[in-house]
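Below you'll find the structure, written out as structure tokens, and then a few comments.
The values are calculated or read from the model by the stated rules, or taken from the named source; none is laboratory data. In this text, all values refer to a predicted model and were calculated from it rather than measured experimentally. In this analysis, Cβ positions are derived from the backbone assuming ideal geometry, glycine residues included, and neighbour counts consider all displayed protein chains. All accessible areas refer to the heavy atoms of the entire protein, side chains included, with ligands and DNA or RNA removed. Shrake-Rupley method; radii C 1.70, N 1.55, O 1.52, S 1.80 Å.
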Amino acid sequence: MELPLLVVIALLLALFVKTFLVQAFSIPSESMQNALQKGDRVLVDKLTPWFGSEPERGEVVVFHDPGDWLRNEPTPQPGAVQKALGFVGLMPSAEEKDLIKRVVGVGGDTVECEGAGPLKVNGKALDEPYVFPGNTACSTDPEGQFKVTVPTGHLWVMGDHRQASGDSRYHQHQPGAGMVPVDDVVGRAVVVAWPVGRLDGLPVPATFDGAGTGARR
């Protein structure tokens, strides 16, 4: 009688951890290279937002699809085992339509790109060493040229692989104008947990230290 009870308790604990503390997510594309590679598993901090903390510039966040951004992406067909393990958070869920990007603008910020860059936040040109080698900070296609002011309670997000990321820039003409509501954020990705050889933290780059990009409003 003890074994089934222990199994149930373990599953309930895993479900609690997934819901309120930490959840694993799988990286589906190359849009966050080189910080994240396709197939990496990251652990996402879901606890901090419960205390009223909101995403900050430079953080890598997982968020629910805010406006049908993934409408052209194939829907995965997970097996029964993956469904079960994903439900309790022991594996990334293959059914959740979530994205992962870096926050570059928070409510009140003015974010802009002109030509090949640099990216500017509140008029300050950013030094972005995390941008994928060979990429320019801004894309020279029409969608890659912009100047936006982020509404309160929203985020402007971009991938580190700037020329391979369908981020806020490419959804400006859809509902929400490319902005991600803070309420849609699942949590901050804090560590690459798998594969073991890539075990590493995901700190906020020094680019965003201090008040150089202006006070949050």
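Within segment 131-154, if we keep just the residues that are modelled with pLDDT under 95 and of a type in the set (Ser, Thr, Tyr), the residue that is farthest from SER31 (Cα to Cα) turns out to be THR140. Considering segment 25-54, and only residues there that are among the aliphatic types (A, V, I, L, M) and under 25 Å from PRO129 (Cβ atoms), the residue that is most open to solvent (accessible area, probe 1.4 Å) turns out to be LEU43. Would you confirm whether or not segment 150-170 contains a residue that is over 23 Å from ALA35 (Cα atoms), β-branched (Val, Ile, Thr) and either open to solvent by 60 Å² or more (accessible area, probe 1.4 Å) or not in a loop (DSSP other than H, G, I, E, B) (or both)? Yes, segment 150-170 has at least one match. Residues in segment 194-217 that are at pLDDT 90 or above, in contact with a strand residue (DSSP E or B) (Cβ under 9 Å, 6 or more places away or on another chain) and open to solvent by less than 40 Å² (accessible area, probe 1.4 Å): GLY201, LEU202, PRO205.
Contact map, segment 145-163: first residue over 22 Å from ALA189 (Cβ atoms), second residue outside any loop (DSSP other than H, G, I, E, B) and open to solvent by 20 Å² or more (accessible area, probe 1.4 Å), Cβ cut-off under 6 Å, separation 6 or more or different chains; pairs are LYS147/GLU112; THR149/THR110. When GLY178 is tested against the conditions (1) at pLDDT 90 or above; (2) open to solvent by 30 Å² or more (accessible area, probe 1.4 Å); (3) within 22 Å of ASN122 (Cβ to Cβ); (4) small (Gly, Ala, Ser), the lone failure is (2). Considering only segment 121-129, I want to know if a residue exists there that is among the β-branched types (Val, Ile, Thr), buried (at least 19 other Cβ atoms within 10 Å of the Cβ) and out of contact with any His (no Cβ under 8 Å at 6 or more places or on another chain). Yes - at least one qualifying residue is present in segment 121-129. A Cβ distance below 7 Å, combined with a sequence gap of six or more or placement on separate chains, defines the contacts here; from segment 101-117, residues that are farther than 18 Å from PRO142 by Cα and at pLDDT 95 or above reach residues that are open to solvent by 20 Å² or more (accessible area, probe 1.4 Å) and polar (S, T, N, Q) in the pairs GLY107/THR152; GLY108/THR152; ASP109/ASN122; THR110/ASN122; THR110/THR149.
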